[in-house]
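> Have a look at this one before I ask anything.
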Amino acid sequence: MMISVEEALEKVLSFIEVLEPEEKSILACLGQVLAEDIYATNNIPPGDNSAMDGYAVRAEDTIGALESSPKYLAVIEEIAAGSVPTKALLPKTAIRIMTGALLPEGADAVVQFEHTNEVDHCSLLNNLSQIGILREVQKRANVRPRGEDVMEGTLVLSKGTVLRAAEIGMLASLGHTTALVIRRPVVSILATGDELVDTKQLLSPGKIHNSNTYTIAAEVLCYGGIPKILGIGHDSIESLNNKIDESLTSNLLITSGGVSLGNYDVVKDVLMRRGEIALWTICMKPGKPSAFGMIRSKGEKLPHLGLPGNPVSTMVAFEQFARPAILKMAGKKILAKPTIEAVMDEAVVNTDGRRIYARVVVSKKGEEYHACLTGPQGSGILSSMIKANGLAIIPEDTAGVEAGDKVSVQMLDWTENSILEV
């Protein structure tokens, strides 16, 4: 009996656990989930500093300054970024200061170069003794206060945060060279079928190149996993058992093919012998002959997801079940793909009461999204996935949709460049 996509996903995720943490260099942690809270051990910035190249001044000394009537101040020092002021600012004086340099004692504002009469920095550096201020400034103008970004002792990054470039930069700002993160799942990938040959081999009659392995491996990488390619398993119990033995040190085994009703579809048979089947056949098109279970070995359990052999079915079923499983293992909280509402530009007929995932190109016309089929929708037409940026969802309890009907579309690529305006 077929079960719904939602039931199947719930069942799969009920067997999946978040993996243990590992400590890695911060750059290697990009995209992973933080496994600890990070508190600031210092202020960022550590002291008041200049937000501009210019002159540190007392704001009251600039009152009334105009281009036509500058306020002249004596220049008593220059401070480069990274150096420490040696003099305190006195009334009617200024200190030449670079962006990021610590503000000297007595200063409460910075006048940027553009608002002074300094026009030729190079010629003035060695003999500049006074500067004309052409515009008055308010207190704290162009000053970055101590702790403006982060105050010492505050919680900066919470456990469960996905580390992007900004978070990596913050860790570096706080002096961290490593971070504790949920480790990436290792996913074993096994394509099955006597018709398959490796991509390096020439095709003989009846044979096809093994594309599913590379498609699945690329998707595993895309969602943060580490692919472990096992090669091709032949349609025999012995061959599949040997390949499965190679997968036992991984966190998830994904197979493609061998889960239908044919005499040579033996993956499900091996799964039943070595463990348990939690589900088999799902109310979806493509992707109906998908299986999930647990392989037992020496007291350990390895989740196994059996995907269909047709390339489109493999990819669609991967998106619905393998992707959320990998994300959950990696500690991610958001498991669903972005979904939008779009107007179908073509009719889609549902003839057998399954949920259809139609490959579509989504574009934007005015304020509405529109979805157009990529062409023939056969489960063996991989080019239909190449052209698609979304999967239009046609519910199982409908006879289909007409042109002009609105449907939910699961976006495969969700960037500004993935949706064209027409």
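> Which residue out of Val181, Val186 is of a type outside the set (Gly, Ala, Ser) and either buried (at least 23 other Cβ atoms within 10 Å of the Cβ) or touching an Asp or Glu at 6+ places or on another chain (Cβ under 9 Å) (or both)? Steps first, answer last, please.
Working: Val186 fails: either buried (at least 23 other Cβ atoms within 10 Å of the Cβ) or touching an Asp or Glu at 6+ places or on another chain (Cβ under 9 Å) (or both).
Testing whether each residue is of a type outside the set (Gly, Ala, Ser) and either buried (at least 23 other Cβ atoms within 10 Å of the Cβ) or touching an Asp or Glu at 6+ places or on another chain (Cβ under 9 Å) (or both) leaves just Val181.
> Continuing with the same structure: Taking region 295-325 as the search range and keeping residues that are part of a strand (DSSP E or B), open to solvent by less than 40 Å² (accessible area, probe 1.4 Å) and closer than 22 Å to Ser236 by Cβ, which one is modelled with the lowest pLDDT?
Taking region 295-325 as the starting set, the residues that turn out to be part of a strand (DSSP E or B) are 295-297, 300-307.
Narrowing the set further to residues that are open to solvent by less than 40 Å² (accessible area, probe 1.4 Å) leaves 295, 297, 302-307.
Narrowing further to those that are closer than 22 Å to Ser236 by Cβ: 295, 297, 302, 304-307.
Values: Ile295: 92, Ser297: 81, Leu302: 95, His304: 93, Leu305: 94, Gly306: 91, Leu307: 94.
Among residues in region 295-325 that are part of a strand (DSSP E or B), open to solvent by less than 40 Å² (accessible area, probe 1.4 Å) and closer than 22 Å to Ser236 by Cβ, the one modelled with the lowest pLDDT is Ser297.
> To continue, here is another question. Please note which strands (runs of 3 or more DSSP E) are completely contained in region 75-149 and include at least 1 residues that are at pLDDT 95 or above and within 45 Å of the chain's Cα centre (by Cα).
On the way: elements: 93-97, 109-112, 130-133.
Here the list reads 93-97, 109-112.
> Identify all residues within region 214-267 that are charged (D, E, K, R), under 33 Å from the mean Cα position of the chain (by Cα) and at pLDDT below 95; write none if there are none.
Initially, region 214-267 is screened for residues charged (D, E, K, R), giving 219, 228, 235, 238, 243, 245-246, 265.
Checking the rest, the ones that are also under 33 Å from the mean Cα position of the chain (by Cα) come to 219, 228, 243, 245-246.
Those that are charged (D, E, K, R), under 33 Å from the mean Cα position of the chain (by Cα) and at pLDDT below 95: Lys243, Asp245, Glu246.
> Restricting the search to region 16-34, which residues are within 17 Å of Ala172 (Cα to Cα) and open to solvent by 20 Å² or more (accessible area, probe 1.4 Å)?
Answer for region 16-34, where residues must be within 17 Å of Ala172 (Cα to Cα) and open to solvent by 20 Å² or more (accessible area, probe 1.4 Å): Glu23, Lys24, Ser25, Ile26, Leu27, Ala28, Leu30, Gly31.
> If the Cβ limit is 6 Å and pairs must be 6+ apart or interchain, which residue in region 199-218 that is closer than 17 Å to Ile189 by Cβ pairs with which residue that is part of a loop (DSSP other than H, G, I, E, B) and β-branched (Val, Ile, Thr)?
That search, which allows pairs on different chains as well, returns His209/Thr199.
> Tell me, please, whether a residue that is closer than 30 Å to Ile386 by Cβ and either charged (D, E, K, R) or open to solvent by 70 Å² or more (accessible area, probe 1.4 Å) (or both) can be found in region 149-168.
We begin by selecting, within region 149-168, every residue closer than 30 Å to Ile386 by Cβ; these are 162, 164-165.
Filter once more, so that each one left must be either charged (D, E, K, R) or open to solvent by 70 Å² or more (accessible area, probe 1.4 Å) (or both): 164-165.
Within region 149-168 (the criterion being closer than 30 Å to Ile386 by Cβ and either charged (D, E, K, R) or open to solvent by 70 Å² or more (accessible area, probe 1.4 Å) (or both)), the answer is yes, since at least one residue qualifies.
> Tell me which residues, restricted to region 198-213, are open to solvent by 100 Å² or more (accessible area, probe 1.4 Å) and under 35 Å from the mean Cα position of the chain (by Cα).
Listed by number, the list holds a single entry, Lys200.
> Mind telling me which of the residues Lys337, Lys328, Lys333 ends up being modelled with pLDDT of 95 or more and in a loop (DSSP other than H, G, I, E, B)? Before you say what the answer is, go through the steps one by one.
Details: Lys337 fails: modelled with pLDDT of 95 or more; Lys328 fails: in a loop (DSSP other than H, G, I, E, B).
Going through Lys337, Lys328, Lys333 in turn, the sole match is Lys333.
> Another question, if that's okay. Any idea which residue in region 35-44 is surrounded by the fewest Cβ atoms within 10 Å (Cβ to Cβ), counting only those that are among the hydrophobic types (A, V, I, L, M, F, W, C) and farther than 14 Å from Lys332 by Cα? If you could, list the steps in order and put the result at the bottom.
Just the residues of region 35-44 that are among the hydrophobic types (A, V, I, L, M, F, W, C), to begin with: 35, 38, 40, 44.
This time we only want the ones that are farther than 14 Å from Lys332 by Cα, so: 38, 40, 44.
Details: Ile38: 19, Ala40: 20, Ile44: 17.
Taking the candidates together, the pick is Ile44.
> Please determine, by comparing only the residues of region 223-250 that are of a type in the set (A, V, I, L, M, F, W, C) and more than 15 Å from Val267 (Cβ to Cβ), which one is least open to solvent (accessible area, probe 1.4 Å).
Taking region 223-250 as the starting set, the residues that turn out to be of a type in the set (A, V, I, L, M, F, W, C) are 226, 229-230, 232, 237, 240, 244, 248.
Now restrict to residues that are more than 15 Å from Val267 (Cβ to Cβ): 226, 229, 248.
Details: Ile226: 76, Ile229: 90, Leu248: 60 Å².
Once the filter is applied, the top-ranked residue is Leu248.
> Looking only at region 65-81, which residues are within 13 Å of His115 (Cα to Cα) and either free of Cβ contacts under 8 Å to residues at least 12 places away in the same chain or open to solvent by 10 Å² or more (accessible area, probe 1.4 Å) (or both)? Talk me through it step by step, then tell me what you get.
Initial filter on region 65-81 (within 13 Å of His115 (Cα to Cα)): 65-72.
Within region 65-81, Leu66, Glu67, Ser68, Ser69, Pro70, Lys71, Tyr72 meet the criteria.
> Can you tell me which residue within region 333-387, out of those that are of a type in the set (Lys, Arg) and under 25 Å from the mean Cα position of the chain (by Cα), is least open to solvent (accessible area, probe 1.4 Å)? So that I can check it myself, show each step before the final result.
Looking only at region 333-387, we keep the residues that are of a type in the set (Lys, Arg), and these are 333, 337, 354-355, 359, 364-365, 387.
Within this subset, residues satisfying the condition of being under 25 Å from the mean Cα position of the chain (by Cα) are 333, 337, 359, 364, 387.
On the way: Lys333: 171, Lys337: 29, Arg359: 4, Lys364: 53, Lys387: 117 Å².
Checking each candidate, the answer is Arg359.
> State whether one or more residues within region 347-360 are assigned to a loop (DSSP other than H, G, I, E, B), over 26 Å from Leu221 (Cα atoms), free of Cβ contacts under 8 Å to residues at least 40 places away in the same chain and acidic (Asp, Glu).
No, region 347-360 has no match at all.
> Which residue is most open to solvent (accessible area, probe 1.4 Å), if the candidates are limited to region 268-291 and must be over 23 Å from Asp352 (Cα atoms) and modelled with pLDDT of 80 or more?
Arg273
> Working carefully through the options Thr339, Thr314, Thr398, Thr374, find the one that is without any contact (Cβ under 8 Å) to a residue 24 or more places away in the chain and either within 24 Å of Ala291 (Cβ to Cβ) or among the β-branched types (Val, Ile, Thr) (or both).
Values: Thr339 fails: without any contact (Cβ under 8 Å) to a residue 24 or more places away in the chain; Thr314 fails: without any contact (Cβ under 8 Å) to a residue 24 or more places away in the chain; Thr398 fails: without any contact (Cβ under 8 Å) to a residue 24 or more places away in the chain.
Answer to the selection: Thr374.
> Considering each residue of region 31-56, count those that are among the hydrophobic types (A, V, I, L, M, F, W, C) and either at pLDDT below 95 or assigned to a loop (DSSP other than H, G, I, E, B) (or both), and give that number. Step through it out loud before you land on a result.
Within region 31-56, the first condition is being among the hydrophobic types (A, V, I, L, M, F, W, C), and the residues that meet it are 33-35, 38, 40, 44, 51-52, 56.
Now drop any that are not either at pLDDT below 95 or assigned to a loop (DSSP other than H, G, I, E, B) (or both), which leaves 35, 40, 51-52.
Residues meeting the conditions: 4.
> Still on this structure, please answer the following. Is it true that Ser50 is farther than 26 Å from Glu148 by Cβ and either surrounded by 16 or more Cβ atoms within 10 Å (Cβ to Cβ) or of a type in the set (S, T, N, Q) (or both)? Full working, then the answer.
Working: farther than 26 Å from Glu148 by Cβ: no; either surrounded by 16 or more Cβ atoms within 10 Å (Cβ to Cβ) or of a type in the set (S, T, N, Q) (or both): yes.
The answer is no for Ser50.
The values are calculated or read from the model by the stated rules, or taken from the named source; none is laboratory data. Only a predicted model underlies this, so the values are computations on that prediction, with no experimental measurement involved. Don't worry about glycine lacking a Cβ; one is built from the backbone with ideal geometry, like all the others, and counts go over all protein chains shown. Heads up: the accessible areas ignore ligands, DNA and RNA and are worked out on the full protein's heavy atoms, side chains in. Shrake-Rupley method; radii C 1.70, N 1.55, O 1.52, S 1.80 Å.
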